[in-house]
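Working notes, structure below.
The values are calculated or read from the model by the stated rules, or taken from the named source; none is laboratory data. Computed from a prediction, not measured in an experiment: that's the story for all the values here. Neighbour counts run over all protein chains shown; Cβ positions are idealised from the backbone, glycine included. These area figures cover heavy atoms from the full protein model, side chains too; ligands, DNA and RNA do not enter into them. Shrake-Rupley method; radii C 1.70, N 1.55, O 1.52, S 1.80 Å.
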Amino acid sequence: MIVSNSAPTPQRFLSGLVEGVCESMRNFAAKLVKIGDIALGEFPLLLAPMEDVSDPPFRYVCKQQGADLMYTEFISSEGLIRDAVKSRQKLDIFDYERPIGIQIFGGDEEAMGLAAKIVDATQPDLLDINFGCPVQKVVCKGAGAGVLKDIDLMVRLTSAVVKGTSLPVTVKTRLGWDDSTKNIEEVAERLQDVGVKALTIHGRTRVQLYKGEADWTLIAKVKNNPRITIPIFGNGDIDSPQKALEYRNRYGVDGIMIGRASIGYPWIFREVKHFMATGEVLDGPTLAERLDACKTHFEKSVEWKGEKVGIFEMRRHYANYFKGLPNFKDFRVKLVGCEVPDEIRGTLDRILVEYEGLVN
Ligand SMILES: Cc1cc2nc3c(=O)[nH]c(=O)nc-3n(C[C@H](O)[C@H](O)[C@H](O)COP(=O)(O)O)c2cc1C
């Protein structure tokens, strides 16, 4: 029998098959978002760093609901160097949280370089620099968003951090200082040039603080700049699965960072993911799920912070977990006024009994 060259011999068929599989794997790999060697999936959802909010107990519940990358709240570089207890405690990270980034801020090159070394020793997956905090006490020290007034300093600070650590360094910043200095396009190129491995941009200026609507058009410009090869994450005002998908499609970012919408509502992560994967709006959490998350948050707080501080700091979260429950005031008053863990647990259990059947 004569076999033509093009006939699919078993060997050719097999090698074709293998090549096909490799090709799909290459395509799949090409779509994965990576920061350095850290693979984050096709469209990562990031939990925003938030002072007094994104501590380990809160991160635990967000991780359970699908946050792909999380950050600590910002930590003062000077505080780390002074070995201040509060700053040191914020370095606490746990293996189940990975990948996790530790965020630092500061306005002094030497201090930032030294702080980077301290962070390095705690072995997070990455180190993030905050150039976006608008709070006056931070800005007036030339740190956080204060650096937006001096881009050369921002680049030098970043360079000092990159040199001080072997970790991938990322930056979170805003569009600029004010309307007349929205220099994020230049900033992105210069930060990439000194070794930054990903950039998160909050679509507001420092002067805007949290007012008005976040403007993502400049974020899209940065993303579409052919010189930019690092992942660009968009941030600002994402509070629903529909908006997340709309902004992903419209602005072409590599991932989205979510802050305020996750407070008391960690389900935002699973809802966005589900909507992006299926186009269906997932039902919101049941009352039992809300209670479960709140209780977990409470237990983790007491475990990590100790009974006194854990109970005290948990008070700011109850209203958020039970938003929308009618006539909730009495329960809230009990929860925030109580100092005995078992009584708090008992009150939480009674919420389920009281509202079961009345709400989802
Ligand atoms: C209570 C609170 C604390 C914050 N603390 C930090 C912080 O420590 N570091 C930081 O980079 N941004 C901080 N931010 C800004 C958020 O990370 C995020 O950029 C901002 O809230 C916009 O995103 P959102 O609209 O999804 O909330 C904070 C925001 C809030 C509301």
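For (1) within 16 Å of the ligand (Cβ to nearest atom); (2) open to solvent by 70 Å² or more (accessible area, probe 1.4 Å); (3) modelled with pLDDT of 95 or more; (4) of a type in the set (Ser, Thr, Tyr), each residue gets a yes or a no:
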site	(1), (2), (3), (4)
MET25	no, yes, no, no
ILE38	no, no, yes, no
GLY41	no, no, yes, no
LEU45	yes, no, yes, no
VAL53	yes, no, yes, no
Scanning region 40-80 residue by residue, the ones that are within 17 Å of GLN123 (Cα to Cα) and of a type outside the set (Asp, Glu) total 9
Considering only residues that are part of a helix (DSSP H, G or I) and within 16 Å of the ligand (Cβ to nearest atom), look in region 66-87 and name the one that is nearest to ARG315 (Cα to Cα).
LYS86
The helices (runs of 4 or more DSSP H) lying wholly within region 225-312 that contain at least 1 residues that are away from the ligand (no atom under 16 Å from the Cβ) and aliphatic (A, V, I, L, M) are 268-278, 287-305
LEU175 fails exactly one of the following numbered conditions: (1) in a helix (DSSP H, G or I); (2) at pLDDT 95 or above; (3) not small (Gly, Ala, Ser). What is the number of that condition?
(1)
Go over the candidates ALA160, ALA115, ALA145 one by one and state the one that is part of a helix (DSSP H, G or I), within 14 Å of the ligand (Cβ to nearest atom) and in contact (Cβ under 8 Å) with a residue 40 or more places away in the chain.
ALA145
Going through region 44-65 one residue at a time, which ones are touching a residue at least 24 places away in the same chain (Cβ under 8 Å) and either in a helix (DSSP H, G or I) or closer than 18 Å to ASP95 by Cβ (or both)?
LEU47, ASP55, PRO56, PRO57, PHE58, ARG59, TYR60, VAL61, CYS62, LYS63, GLN64
If only one of VAL85, VAL61 is open to solvent by less than 70 Å² (accessible area, probe 1.4 Å), more than 22 Å from LEU245 (Cα to Cα) and at pLDDT 95 or above, which one is it?
VAL61
Evaluate the following for ILE232: is it over 20 Å from MET50 (Cβ atoms), under 17 Å from the mean Cα position of the chain (by Cα) and aliphatic (A, V, I, L, M)?
yes
Selection count where residues are of a type in the set (S, T, N, Q), more than 9 Å from the ligand (Cβ to nearest atom) and part of a strand (DSSP E or B), scope region 193-214:
1
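Rundown of residues vs (1) under 17 Å from LYS172 (Cβ atoms); (2) touching a residue at least 40 places away in the same chain (Cβ under 8 Å); (3) surrounded by 16 or more Cβ atoms within 10 Å (Cβ to Cβ), yes/no style:
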{"position": "ALA188", "(1), (2), (3)": "yes, yes, yes"}
{"position": "GLY203", "(1), (2), (3)": "yes, no, yes"}
{"position": "VAL222", "(1), (2), (3)": "yes, no, yes"}
{"position": "ASN249", "(1), (2), (3)": "no, no, no"}
{"position": "MET257", "(1), (2), (3)": "yes, yes, yes"}
{"position": "TYR265", "(1), (2), (3)": "no, yes, yes"}
